[in-house]
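Remarks on the structure that follows.
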Amino acid sequence: LTEMDWIGLYERRQADITTVIRQYPEFPTDVGLAEARRSIAAAAWSAGFSDSEVLSILTRSRAGIEYIDASPSGVRGLWREALLHRTAPQGLTAIVTPQTPNALAPATKPSGPMAADFLTPEEHAIVRETKWWGTRYLHYAQTHVRAFNEQYHRLMLWTILSLYFGPIAAIPIESGHLNLNIFGLNLGPTTSGKSEAARLGRRVIRRLWPDDSPDIGGDASREALTTVLLDRDNKSSWLNRDEVHALFKEMRRPGSWQSAIRAHWTELYDCEVRQIHRKTDAEHSGRDATSYFTMMLTGTEEGMIDALEDDYWTSGFMARFVVAIGGRVESTPEMSRIRIRRGPMANSIDEFPAQLAAELEAAYTRLGIRVRRDMDMDDAAEERYNEFAFEMDRIVAKSKHFERTKPTSIRFRDNIVKCAALAALSDGEPIIQLKHMLIAIDQAGQWWGNLVYLIEQTDSSEVSRRAKKLAAMVAAEPGARMLLTELHSVWGGAKRDTEDLIAQLKAEGRAVIDGNYSTVRGDT
């Protein structure tokens, strides 16, 4: 826009553009800068500016200029990031008449994770206009919960597809076969909808497997888990467990009986169940099996950050997971009301799961698969995947945590190919097409942002983790200030230990001592 255009915008919109574009974090971390850009774009759209005007405003802002200078995707990447927060998902279509939503409570966005965006505006439009099984599943979820945390339900839909199609198809790659199993983590505050997401998914699973459910629970030792999987040779198995952050912390403890489960899960990611030899178990001894092993674990964001250590990433263990992070749910009086289903709605709770299951069964019939088969990928999908992989390489090469992000990015790309294959199979297609790849790459933005957030929060120093908690406590006070005497009293523990934590924050430039006050500034 020209300078005259800017003057016209100010007079036409009655908006103080100067104040908007000057938003800039006091401590310019990657997360803080991204939040500033999001805030600028949101303010501009709220004031009624067009897309081209919003982009012009972003490119004039200091936070936007620094993004353009630092990112290989330049203005294109800046616009992708802005579009991610412009509107809610569109195009959700019902196949059967669902229950009317009852004042659904919006979930607040997570405070830390920032999604990446790997699609162009044109590709976003294609994804919005593509009606596929996942679209209808999300509509089912949105109309059957009181608090809709979309990330939880997205992970659940990929879990269902993985369980259903895992035994019948794989992707032939240079090193062998890429199985379609998914390892997922649902992280978020208590009562934010994680259990609801799993409960809705189970309704569809029960319809797909009325007699032989793949659900094997989540509380089993290595030996017990192996025995269960040996009995499920060539079948899907779904391990699901709540409060998993406690287990991840227990895995770190030397000598713990849970320490071996981490290595076992890593082996099972490749769907091979190794032989066991027990004199007391002749039935299972000397056998091996192929189990299409899928996991969906749930825990709290804070607990997981506290449990993770550098080795979880560098060893490749966390690289096998995709991560959904949901926001806190704001409770409303409407959410507390009981709602009795009467009349036509009395049995509606079973209609949508039956419909969704029937659609997958119809897709399976169209595929005509009698024995496990290899999938293919058309040229357009393959080319678009390669562009995505190259962009991932550029992002990882510039990462401050290269040792963690590099192994994570390699496995992560495999998971995106799996999602593209699952989207194709749900359409009854044995060949991955461009639309399926775009659906998967769209999901990649959300998951990659969550993984990078966890990587950045992971620190091998216990002192640093405790210092972050102390910083968060002070930041919650008015003005992010707290009397030192009060801080020592509330935090507890030895005074010297608390002073060491304050010194750590001062050294990082995140805290100052102002007379008798401790002040935390910047991103906590």
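Brief remarks follow.
- Summing charges over all other residues whose Cβ lies under 14 Å from the Cβ of PHE165, with Lys and Arg as +1 and Asp and Glu as -1, gives 0.
- Couplings 3J(HN,Hα) for region 313-323, derived from phi with the Karplus relation 6.51 cos²θ - 1.76 cosθ + 1.60 (θ = phi - 60°), are 8, 5, 6, x, 5, 5, 4, 7, 9, 9, 10 Hz, where x marks Gly and Pro.
- For the peptides 205-215, 366-376, residues were scored by their other Cβ atoms within 10 Å and the scores averaged per peptide; the highest-first order is 205-215, 366-376.
- If you take the Cα centroid of region 373-432 and the Cα centroid of region 163-185, the two points sit 13 Å apart.
- Less than 5 angstrom separates the built amide H of ILE325 from those of LEU187, all sequence-distant by 5 or more or on a different chain.
- Kirkwood Rh and Cα Rg combined as Rg/Rh, region 140-238: 1.00
- Ranked packing of 484-492, 117-125, most packed first, by mean Cβ within 10 Å: 117-125, 484-492
- Placing +1 on the Cβ of every Lys and Arg and -1 on the Cβ of every Asp and Glu, with nothing else charged, gives region 158-242 a dipole about its Cα centre of roughly 340 debye.
- Computed with a 1.4 Å probe on the full set of protein chains, the accessible area for LYS435 sits at about 80 Å².
- Size of electric dipole in region 355-471: Cβ of Lys, Arg +1 and of Asp, Glu -1, about Cα centre, debye, nearest 20: 760 debye
- With every protein chain in place and a 1.4 angstrom probe, the accessible-area ranking of TRP45, TRP265, largest first, reads TRP45, TRP265.
The values are calculated or read from the model by the stated rules, or taken from the named source; none is laboratory data. Keep in mind the model is a prediction, meaning the values are calculated, not measured. Cβ sites come from the backbone with ideal geometry, for glycine too, and all protein chains shown count toward neighbours. Heavy atoms of the whole protein, side chains included, go into the accessibility calculation; ligands, DNA and RNA do not. Shrake-Rupley method; radii C 1.70, N 1.55, O 1.52, S 1.80 Å.
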